[in-house]
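Worksheet: one structure, shown below.
The values are calculated or read from the model by the stated rules, or taken from the named source; none is laboratory data. From a predicted model like this one, the values you see are computed outputs, not experimental measurements. Glycine also receives a Cβ, built like all others from the backbone with ideal geometry; neighbour counts cover every protein chain displayed.
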Amino acid sequence: MTIRIAMWSGPRNISTAMMRSWENRADCSVVDEPFYACYLHETGLEHPCRDEILQAQRHVRSEVIVQLAVNETVTPYFYQKHMTHHMPRGMDMQWSKDFLHCFLIRDPAEVIASYLQKMPTVSEDAIGIVRQQELFEEIEQITGHRPAVIDSSDVLRDPAAILPQLCESLGVPYADDMLNWPTGRRDSDGVWAHHWYHNVEDSTRFAPFVDRDTELTAEHQELADEMQGYYQIMASQRIRP
């Protein structure tokens, strides 16, 4: 029987490093943003590697859900890296009722500053912070359990403290293998890896935390301020070192 773990993150977080961490376990396989092609197909948005993504992934959500919720894996655990903005409002999330859910959050100003290093513009929908908080409430209602929440800054400060607590909250045995991994690209990486994953491909562990002095334009700071309340709702419930 496959135990399915869904990690719900926004972009420009440590979501790929977290996927590396789980994939380095011998008992776990992973999938990288399986709804990305659905999102691009439905919205028509222009993203880096759009054509490659649409060719590589299924466009129909019901077909993706079979992959995620029905098909068995060769490993006991199946870790799914999800982007919250890939999930449209009104989508029935009952398919994930029996999953183990966790939410990976990051301060909005840091998300926006990092996002703008890769994309020319940024919006509320693109960074998925509002949608993340909505999904948290939806999934808590569907499953009857409050999902685990971890903050990327806490993970970077002390992964050896946060990861065992995360595993305990999920009811999954912790493995020290989650703290290190080999360098390089993975077959499991999305086809967009060559655009987004340079730093992770060179990494062997979670990067040390750096307290950055984030500078944003007035427009982008306004967006960060608007997102702060949603972030704080999640942050107040996070696992702490």
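Structure data summary
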| read-out | value |
| --- | --- |
| Residues of the stretch 192-241 satisfying the condition of being among the acidic types (Asp, Glu), in contact (Cβ under 8 Å) with a residue 24 or more places away in the chain and assigned to a loop (DSSP other than H, G, I, E, B) | Glu215 |
| Matching residues, the stretch 148-191, being in a helix (DSSP H, G or I), closer than 30 Å to Glu52 by Cβ and in contact with a Cys (Cβ under 9 Å, 6 or more places away or on another chain) | Met178 |
| Residue selected from the stretch 10-60 under the condition assigned to a loop (DSSP other than H, G, I, E, B) and polar (S, T, N, Q), by the criterion nearest to Ala160 (Cα to Cα) | Asn24 |
| Total residues in the stretch 79-116, condition in contact (Cβ under 8 Å) with a residue 40 or more places away in the chain and part of a loop (DSSP other than H, G, I, E, B) | 10 |
| Only one of Gly184, Gly171 that is touching a residue at least 60 places away in the same chain (Cβ under 8 Å), on the phi > 0 side of the Ramachandran plot and surrounded by fewer than 17 Cβ atoms within 10 Å (Cβ to Cβ) | Gly171 |
| Yes/no for Arg131 being assigned to a loop (DSSP other than H, G, I, E, B) and at pLDDT 95 or above | no |
| Tyr39 aromatic (Phe, Trp, Tyr), surrounded by fewer than 21 Cβ atoms within 10 Å (Cβ to Cβ) and at pLDDT 95 or above | yes |
| Meets criteria (buried (at least 19 other Cβ atoms within 10 Å of the Cβ) and in contact (Cβ under 8 Å) with a residue 24 or more places away in the chain) for Ile142 | no |
| Total residues in the stretch 193-219, condition under 22 Å from Ser123 (Cβ atoms) and either out of contact with any helix residue (DSSP H, G or I) (no Cβ under 8 Å at 6 or more places or on another chain) or modelled with pLDDT of 95 or more (or both) | 4 |
| Meets criteria (closer than 28 Å to Glu46 by Cβ, in a helix (DSSP H, G or I) and either of a type outside the set (Asp, Glu) or touching a Ser or Thr at 6+ places or on another chain (Cβ under 6 Å) (or both)) for Val122 | no |
| One residue from Asn24, Asn13 being at negative phi, at pLDDT below 95 and surrounded by 15 or more Cβ atoms within 10 Å (Cβ to Cβ) | Asn13 |
